[in-house]
1. Mind checking which residues of segment A:127-156 are in contact with a Leu (Cβ under 6 Å, 6 or more places away or on another chain), within 15 Å of DNA strand B (Cβ to nearest atom) and over 18 Å from residue A:76 (Cα atoms)?
2. Name, by its number, the condition in (1) part of a loop (DSSP other than H, G, I, E, B); (2) out of contact with any strand residue (DSSP E or B) (no Cβ under 6 Å at 6 or more places or on another chain); (3) open to solvent by less than 70 Å² (accessible area, probe 1.4 Å); (4) hydroxyl-bearing (Ser, Thr, Tyr) that does not hold for residue A:162.
3. All but one of (1) surrounded by fewer than 16 Cβ atoms within 10 Å (Cβ to Cβ); (2) within 16 Å of DNA strand B (Cβ to nearest atom); (3) β-branched (Val, Ile, Thr) hold for residue A:17; state the number of the condition that does not hold.
4. Go through A:87, A:114 for me and flag whichever is within 16 Å of DNA strand C (Cβ to nearest atom), open to solvent by less than 10 Å² (accessible area, probe 1.4 Å) and in contact with a Cys (Cβ under 6 Å, 6 or more places away or on another chain).
5. For segment A:96-108, which residues satisfy the criterion of being surrounded by fewer than 23 Cβ atoms within 10 Å (Cβ to Cβ) and in a strand (DSSP E or B)?
6. Only one of A:26, A:72, A:93, A:47 is in a strand (DSSP E or B) and on the phi < 0 side of the Ramachandran plot. Can you tell me which?
7. Contact list please: Cβ distance under 9 Å, first residue in segment A:63-79 and within 12 Å of residue A:40 (Cα to Cα) and in contact (Cβ under 8 Å) with a residue 12 or more places away in the chain, second residue among the charged types (D, E, K, R) and away from DNA strand B (no atom under 14 Å from the Cβ), pairs at least six apart or on different chains.
8. Only one residue in A:22, A:53, A:41, A:122 is open to solvent by 50 Å² or more (accessible area, probe 1.4 Å), more than 13 Å from the chain's Cα centre (by Cα) and within 12 Å of DNA strand B (Cβ to nearest atom), so which one is that?
Amino acid sequence: MTPEEAVAEQERLRPRVVTTTDPDLVVRHVAGLDVSYADDDRLVAAVVVLDADSLETVDSAVVHGRADFPYVPGLFAFRELPSLLDALATLTVPPDLLVCDGQGLAHPRRFGLACHVGVLTDLPSVGVAKTPMGRFDPPGEERGAVGDLVDDGEVVGRALRTRAGVKPVFVSVGHRIDLDRACAEVLRLCVHRLPETTRRSDSLGRAHLR
DNA sequence: GCGACAG
DNA sequence: ATCTTGTCGC
(Lines give C-alpha, C1' and ligand atoms only; values in the text may rest on other atoms or scores of the structure.)
Protein backbone atom coordinates (compact mmCIF):
# COMPACT_ATOMS: atom_id res chain seq x y z
CA MET A 1 0.00 0.00 0.00
CA THR A 2 1.42 3.35 -1.03
CA PRO A 3 0.88 6.56 0.95
CA GLU A 4 -1.39 7.81 -1.84
CA GLU A 5 -3.54 4.69 -1.60
CA ALA A 6 -3.63 5.05 2.17
CA VAL A 7 -4.96 8.60 1.90
CA ALA A 8 -7.58 7.44 -0.60
CA GLU A 9 -8.61 4.69 1.81
CA GLN A 10 -9.06 7.24 4.61
CA GLU A 11 -11.20 9.43 2.40
CA ARG A 12 -13.29 6.44 1.35
CA LEU A 13 -13.97 5.33 4.94
CA ARG A 14 -14.28 8.75 6.54
CA PRO A 15 -18.00 9.19 5.68
CA ARG A 16 -18.79 6.07 7.69
CA VAL A 17 -17.77 7.68 10.99
CA VAL A 18 -20.66 8.18 13.40
CA THR A 19 -20.25 10.91 16.03
CA THR A 20 -23.32 10.26 18.12
CA THR A 21 -23.85 7.83 20.97
CA ASP A 22 -26.43 5.07 20.96
CA PRO A 23 -28.89 6.04 23.77
CA ASP A 24 -28.69 2.44 24.98
CA LEU A 25 -24.91 2.28 25.12
CA VAL A 26 -23.74 0.83 28.41
CA VAL A 27 -19.98 0.62 28.76
CA ARG A 28 -19.17 -2.34 30.96
CA HIS A 29 -16.07 -3.68 29.23
CA VAL A 30 -13.48 -1.29 27.82
CA ALA A 31 -10.55 -2.34 25.64
CA GLY A 32 -7.19 -0.60 25.56
CA LEU A 33 -5.12 -0.95 22.36
CA ASP A 34 -1.39 -0.36 22.03
CA VAL A 35 1.60 -1.40 19.93
CA SER A 36 5.22 -1.74 21.06
CA TYR A 37 8.20 -1.84 18.72
CA ALA A 38 11.44 -3.83 18.72
CA ASP A 39 14.79 -2.62 17.33
CA ASP A 40 14.11 -4.29 13.99
CA ASP A 41 10.71 -4.33 12.24
CA ARG A 42 9.05 -6.60 14.78
CA LEU A 43 6.14 -5.28 16.79
CA VAL A 44 3.69 -6.49 19.39
CA ALA A 45 0.04 -5.46 19.43
CA ALA A 46 -1.57 -5.75 22.86
CA VAL A 47 -5.21 -5.40 23.84
CA VAL A 48 -6.49 -5.46 27.40
CA VAL A 49 -10.16 -5.52 28.39
CA LEU A 50 -11.10 -3.96 31.72
CA ASP A 51 -14.27 -3.92 33.73
CA ALA A 52 -15.14 -0.22 33.51
CA ASP A 53 -16.32 -0.01 37.12
CA SER A 54 -13.74 -2.01 39.04
CA LEU A 55 -10.91 -1.47 36.49
CA GLU A 56 -10.08 -5.17 36.86
CA THR A 57 -8.51 -6.81 33.82
CA VAL A 58 -10.95 -9.37 32.44
CA ASP A 59 -9.30 -10.34 29.15
CA SER A 60 -6.23 -9.67 27.05
CA ALA A 61 -4.65 -10.56 23.74
CA VAL A 62 -1.15 -10.28 22.29
CA VAL A 63 -0.14 -10.58 18.64
CA HIS A 64 3.36 -10.51 17.16
CA GLY A 65 3.64 -8.77 13.82
CA ARG A 66 5.89 -6.78 11.49
CA ALA A 67 5.88 -3.08 10.69
CA ASP A 68 5.38 -3.05 6.94
CA PHE A 69 4.28 0.57 6.72
CA PRO A 70 6.54 3.46 7.81
CA TYR A 71 5.49 5.94 10.44
CA VAL A 72 4.03 8.89 8.57
CA PRO A 73 2.07 11.52 10.52
CA GLY A 74 -1.49 11.34 9.27
CA LEU A 75 -1.09 7.72 8.17
CA PHE A 76 -0.21 6.31 11.55
CA ALA A 77 -3.08 3.81 11.48
CA PHE A 78 -1.66 1.89 8.55
CA ARG A 79 1.30 0.89 10.68
CA GLU A 80 -0.62 -0.50 13.65
CA LEU A 81 -4.04 -1.43 12.32
CA PRO A 82 -3.42 -4.93 10.91
CA SER A 83 -1.92 -6.33 14.12
CA LEU A 84 -4.44 -4.55 16.32
CA LEU A 85 -7.33 -6.08 14.37
CA ASP A 86 -5.72 -9.51 14.72
CA ALA A 87 -5.44 -9.03 18.46
CA LEU A 88 -9.05 -7.82 18.78
CA ALA A 89 -10.24 -10.90 16.90
CA THR A 90 -8.79 -13.23 19.54
CA LEU A 91 -10.59 -11.62 22.49
CA THR A 92 -13.00 -13.77 24.48
CA VAL A 93 -14.77 -10.88 26.18
CA PRO A 94 -16.34 -8.54 23.61
CA PRO A 95 -15.58 -4.88 24.48
CA ASP A 96 -18.28 -2.18 24.49
CA LEU A 97 -15.75 0.57 23.80
CA LEU A 98 -12.24 0.77 22.34
CA VAL A 99 -9.67 3.21 23.70
CA CYS A 100 -6.96 3.85 21.12
CA ASP A 101 -3.48 5.25 21.63
CA GLY A 102 -3.64 8.19 19.21
CA GLN A 103 -6.13 10.54 17.60
CA GLY A 104 -9.65 10.04 16.33
CA LEU A 105 -11.21 13.02 14.55
CA ALA A 106 -8.28 15.21 15.61
CA HIS A 107 -6.53 14.37 12.36
CA PRO A 108 -5.72 16.32 9.18
CA ARG A 109 -8.42 14.41 7.26
CA ARG A 110 -10.59 13.78 10.35
CA PHE A 111 -9.85 10.07 10.26
CA GLY A 112 -7.21 9.09 12.81
CA LEU A 113 -6.49 5.62 14.18
CA ALA A 114 -9.47 5.59 16.54
CA CYS A 115 -11.92 6.36 13.71
CA HIS A 116 -10.31 3.74 11.49
CA VAL A 117 -10.42 0.98 14.10
CA GLY A 118 -13.96 1.95 15.09
CA VAL A 119 -15.30 1.90 11.54
CA LEU A 120 -13.64 -1.41 10.67
CA THR A 121 -14.91 -3.15 13.81
CA ASP A 122 -18.15 -1.14 14.00
CA LEU A 123 -17.52 -0.63 17.71
CA PRO A 124 -17.66 2.63 19.68
CA SER A 125 -14.12 4.01 19.96
CA VAL A 126 -12.24 7.01 21.31
CA GLY A 127 -8.77 8.31 20.67
CA VAL A 128 -6.53 9.33 23.56
CA ALA A 129 -3.28 10.95 22.45
CA LYS A 130 -0.36 12.08 24.58
CA THR A 131 0.40 15.02 22.30
CA PRO A 132 -2.03 17.25 20.39
CA MET A 133 -2.48 17.49 16.63
CA GLY A 134 -3.61 21.11 16.49
CA ARG A 135 -3.54 23.81 19.14
CA PHE A 136 -5.56 23.68 22.32
CA ASP A 137 -7.00 25.93 24.98
CA PRO A 138 -5.22 25.04 28.24
CA PRO A 139 -7.64 23.38 30.65
CA GLY A 140 -7.84 24.41 34.31
CA GLU A 141 -5.47 22.67 36.71
CA GLU A 142 -8.05 20.47 38.39
CA ARG A 143 -8.88 16.89 37.44
CA GLY A 144 -11.65 16.82 34.84
CA ALA A 145 -10.97 20.30 33.44
CA VAL A 146 -11.14 20.57 29.65
CA GLY A 147 -10.14 22.91 26.85
CA ASP A 148 -10.95 22.80 23.13
CA LEU A 149 -8.59 21.03 20.76
CA VAL A 150 -8.74 23.10 17.61
CA ASP A 151 -7.46 22.30 14.14
CA ASP A 152 -8.05 24.40 11.08
CA GLY A 153 -10.65 26.48 12.91
CA GLU A 154 -12.66 23.44 13.99
CA VAL A 155 -13.08 21.91 17.44
CA VAL A 156 -11.83 18.38 16.79
CA GLY A 157 -11.42 17.15 20.33
CA ARG A 158 -10.59 18.17 23.87
CA ALA A 159 -7.54 18.59 26.06
CA LEU A 160 -8.52 16.73 29.23
CA ARG A 161 -6.79 17.11 32.60
CA THR A 162 -6.96 13.58 33.95
CA ARG A 163 -4.99 14.39 37.09
CA ALA A 164 -4.46 17.68 38.89
CA GLY A 165 -1.38 19.56 37.84
CA VAL A 166 -0.16 17.17 35.11
CA LYS A 167 -0.08 17.60 31.36
CA PRO A 168 -3.50 16.94 29.80
CA VAL A 169 -4.28 14.12 27.36
CA PHE A 170 -6.02 14.78 24.06
CA VAL A 171 -9.34 13.08 23.54
CA SER A 172 -11.21 12.87 20.27
CA VAL A 173 -14.15 10.90 18.95
CA GLY A 174 -13.38 7.71 17.11
CA HIS A 175 -16.73 6.17 16.17
CA ARG A 176 -20.29 5.81 17.50
CA ILE A 177 -19.75 8.15 20.47
CA ASP A 178 -19.97 11.89 21.12
CA LEU A 179 -17.21 14.04 22.59
CA ASP A 180 -18.84 14.58 26.00
CA ARG A 181 -19.35 10.87 26.53
CA ALA A 182 -15.85 10.11 25.19
CA CYS A 183 -14.29 12.45 27.78
CA ALA A 184 -16.44 11.05 30.58
CA GLU A 185 -15.48 7.47 29.73
CA VAL A 186 -11.79 8.35 29.53
CA LEU A 187 -11.85 10.24 32.80
CA ARG A 188 -13.31 7.37 34.72
CA LEU A 189 -10.47 5.13 33.48
CA CYS A 190 -7.85 7.50 34.83
CA VAL A 191 -6.08 6.84 38.10
CA HIS A 192 -2.87 8.30 36.69
CA ARG A 193 -2.38 10.67 33.75
CA LEU A 194 -3.09 7.99 31.14
CA PRO A 195 -6.15 5.71 31.20
CA GLU A 196 -5.63 2.29 32.80
CA THR A 197 -6.50 0.77 29.44
CA THR A 198 -3.48 2.28 27.72
CA ARG A 199 -1.17 1.77 30.68
CA ARG A 200 -1.95 -1.92 30.85
CA SER A 201 -1.93 -2.64 27.14
CA ASP A 202 1.36 -0.76 26.91
CA SER A 203 3.06 -2.77 29.65
CA LEU A 204 1.60 -6.04 28.36
CA GLY A 205 2.94 -5.44 24.88
CA ARG A 206 6.31 -4.33 26.16
CA ALA A 207 6.63 -7.47 28.27
CA HIS A 208 6.08 -9.62 25.18
CA LEU A 209 8.82 -7.89 23.24
CA ARG A 210 11.28 -10.40 24.76
C1' DG B 1 10.79 28.15 0.37
C1' DC B 2 9.96 26.89 5.52
C1' DG B 3 7.90 24.76 9.39
C1' DA B 4 4.53 21.22 11.28
C1' DC B 5 3.62 16.53 11.79
C1' DA B 6 -0.52 10.98 16.64
C1' DG B 7 3.17 6.62 17.58
C1' DA C 1 7.93 4.39 19.17
C1' DT C 2 12.79 3.96 21.43
C1' DC C 3 17.43 5.16 23.91
C1' DT C 4 17.37 5.47 30.04
C1' DT C 5 19.01 6.56 36.64
C1' DG C 6 18.12 8.86 39.89
C1' DT C 7 15.33 11.89 42.07
C1' DC C 8 11.64 14.98 43.70
C1' DG C 9 7.06 14.89 45.77
C1' DC C 10 2.56 13.25 47.64
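The values are calculated or read from the model by the stated rules, or taken from the named source; none is laboratory data. It should be emphasised that the depicted structure is a prediction, and the values quoted were computed from it without experimental measurement. Virtual Cβ from ideal backbone geometry, glycine too; neighbours counted across all protein chains shown. Accessible surface is based on the protein model in full, side chains and every heavy atom, while ligands, DNA and RNA are left aside. Shrake-Rupley method; radii C 1.70, N 1.55, O 1.52, S 1.80 Å.
1. Within segment A:127-156, A:136 is the sole residue that qualifies.
2. The single condition residue A:162 does not satisfy is (2).
3. Of everything listed in (1) surrounded by fewer than 16 Cβ atoms within 10 Å (Cβ to Cβ); (2) within 16 Å of DNA strand B (Cβ to nearest atom); (3) β-branched (Val, Ile, Thr), residue A:17 misses just condition (1).
4. Values: A:87 fails: in contact with a Cys (Cβ under 6 Å, 6 or more places away or on another chain).
Result of the check over A:87, A:114: A:114.
5. none
6. A:47
7. Between residues of segment A:63-79 that are within 12 Å of residue A:40 (Cα to Cα) and in contact (Cβ under 8 Å) with a residue 12 or more places away in the chain and residues that are among the charged types (D, E, K, R) and away from DNA strand B (no atom under 14 Å from the Cβ), the close pairs are A:65/A:86.
8. Residue meeting the stated conditions: A:41.
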